[in-house]
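Notes follow the structure.
The values are calculated or read from the model by the stated rules, or taken from the named source; none is laboratory data. Note that this is a predicted model, so its numbers are computed, not measured. Note that we place each Cβ from the backbone using ideal geometry, even for glycine, and neighbour counts take in every protein chain shown. The accessibility values were calculated without ligands, DNA or RNA, using every heavy atom of the protein model including side chains. Shrake-Rupley method; radii C 1.70, N 1.55, O 1.52, S 1.80 Å.
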Amino acid sequence: MNATLAEKVMGRLAGRAVRAGEMVEIAPDWTFALDDGIGLIDQNFRRYGVEKLARPERIALFYDHYAPADTPLHAEMHRIGRALFDRFGLPRERLFDVGAGISHQVAVESGWCCPGRCSPTWIRIRSPSVRWARWAAASAVPRWPTCGLTAIYGSGCRRASASTCRVHCRRAPAPRTWCSPSWPAHRARGDLQLHRIPRSGPGRPVHPRAHDLCNMGIEMGAKFAVVPADGVTRAHFESLGIAPGEMPVPMPAPLTGRSTASTW
Amino acid sequence: MSGTVQFEGRATVLGDDIDTDIIFPARYLAVLRPQDQARHLFEPLGEAVREQVMAGGVIAAGWNFGCGSSREHAVTAMLGAGVRLVVAKSFSRIFFRNAVNNGLAVVMSEALAGAVRDGDAVQVDLRAGRARVAGVAHEFLPLPGSVLEILAAGGLWAAKTGMTGADA
């Protein structure tokens with residue numbers, strides 16, 4: 001049966017073939033939460049009387065938005081998260097506290113977020129704000145990489161983020177992109193930044209850089225983004241028991257002022 | 001199906017690409033109670049817009065409503081402000097799901113959204129796919145039954161537990 005990649009990913013987790021439009025309940029490969037959302041999660045858990053969590057070993061919480069906490073209220077969010085972990089007996093090694101790194105980088109480098117995996121964030125599926133994405137694209141400093149995945153890979157890790165160094169989410173620095181003799185008019189500065197992203201960790205081999213550009217496109221409003229699969233990606237899918245099939249190859253975009261993954 | 005799937009109110013018309021930073025700025029993400037979140041709803045658009053939204057309870061928007069950060073607060077802030085229906089030409093997919101999961105009615109219809117003028121009285125029957133805008137009848141493609149069930153229950157949590165937020 002022909003199926004989209006999303007159908008294959010969901011079908012793997014459902015244990016049967018699924019079709020778009022179906023309602024299926026699945027256990028995600030991983031479930032992530034962040035410090036800016038843990039307050040709502042805790043509130044809902046209490047409101048609806050949640051006493052036990054499924055697959056606690058597959059849950060991780062990252063403190064990277066309020067790191068370090070800049071207000072008492074943000075510190076309270078951190079306290080709530082720690083207390084939630086204790087209340088449900090979640091493994092503390094899955095709570096990446098202040099200084100442990102940015103969620104997206106950690107999740108990708110740990111190999112938790114990979115093509116073919118389903119790793120939504122807890123309760124809500126995250127994606128970056130347009131403002132943030134534009135900011136990330138504008139700051140071509142190697143320590144401000146993006147590491148998101150695209151929606152077609154079923155991952156919740158879709159936020160432009162900084163690396164694991166001690167950089168905090170404050171005001172965007174002035175763009176630091178220098179080009180000589182000039183930057184092509186049809187290229188975004190983010191292209192340059194994406195080329196310069198350092199990668200490491202076990203998750204690195206299965207994430208072509210073009211994925212980042214897909215991610216950024218989606219974050220900035222695109223409904224869908226696709227890049228050609230390379231041999232590594234195909235092998236990864238096959239290791240998951242997913243037949244990648246014939247993947248579409250994007251057509252090179254005309255020079256309309258917007259760049260796409262296929263243009264570089 | 002049980003529960004209300006009919007909504008009415010007076011529309012506030014917004015444009016295209018209203019992102020979640022406009023709906024609910026990120027600096028307030030630690031504000032958890034919907035009633036408190038409502039104080040910051042559409043803050044970048046000014047107090048007058050927020051008051052109009054709160055008085056009318058219906059938003060009509062253009063393309064790609066709710067794009068940007070997928071923060072659930074964007075939906076709960078609207079609910080806290082008394083918004084019960086958003087009609088748009090299209091939605092950001094994650095916002096759309098957040099809306100359904102929290103019991104905020106959404107209608108995606110280019111024709112219907114385009115027909116609404118600021119201040120119009122809007123009535124919508126989600127199940128029937130019918131609407132009246134300033135007295136004029138319109139039709140739209142209803143949401144799938146399974147999605148309507150979640151909306152009718154008041155959101156995903158309520159649909160799964162049989163409880164409502166008021167039970168807390």
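Details
- Across region B:58-122, the mean sequence separation of Cα contacts (distance under 8 Å, 6 or more residues apart), normalised by length, yields a relative contact order of 39 percent.
- Computed on chain B, with alpha-carbon pairs under 8 angstrom and 6+ residues apart, the relative contact order is 25 percent.
- Atom-type composition of the exposed protein surface of region A:1-122 places 52 percent of the accessible area on carbon and sulfur (1.4 angstrom probe).
- Diffusion coefficient, µm² s⁻¹, Stokes-Einstein with Kirkwood Rh over alpha-carbon pairs of region B:23-126 at 4 °C and 1.567 mPa s: 95 µm²/s
- Legend: residues in region B:66-104 shielded by at least 30 square angstrom of accessible surface upon adding the remaining protein chains to the isolated chain (1.4 Å probe, heavy atoms) are B:GLY68, B:SER69, B:SER70, B:GLU72, B:HIS73, B:ARG93, B:ILE94.
- Restricting region A:1-87 to trypsin sites (Lys or Arg not before Pro) in coil, as DSSP defines it, with at most 10 other Cβ within 10 Å: A:ARG16, A:LYS52
- GluC sites (Glu not before Pro) restricted to DSSP loop in region A:1-82 with at most 15 other C-beta within 10 Å: A:GLU22, A:GLU25, A:GLU51
- Each chain gives up part of its surface: B and A jointly bury about 2600 Å² of accessible area, both sides summed, for a 1.4 Å probe.
- Magnitude of the charge dipole for region B:1-106, about its Cα centre and with charges confined to Cβ atoms of Lys, Arg (+1) and Asp, Glu (-1), is about 240 debye.
- Take chain B with all the other protein chains still there, run a 1.4 Å probe, and you get 41 Å² of accessible area per residue.
- For A:36-45, mean number of other protein chain Cβ atoms within 10 Å: 4
- Cβ-based charge dipole, region B:83-146, positive-most Cα from B:VAL116, B:VAL133, B:PHE91: B:PHE91
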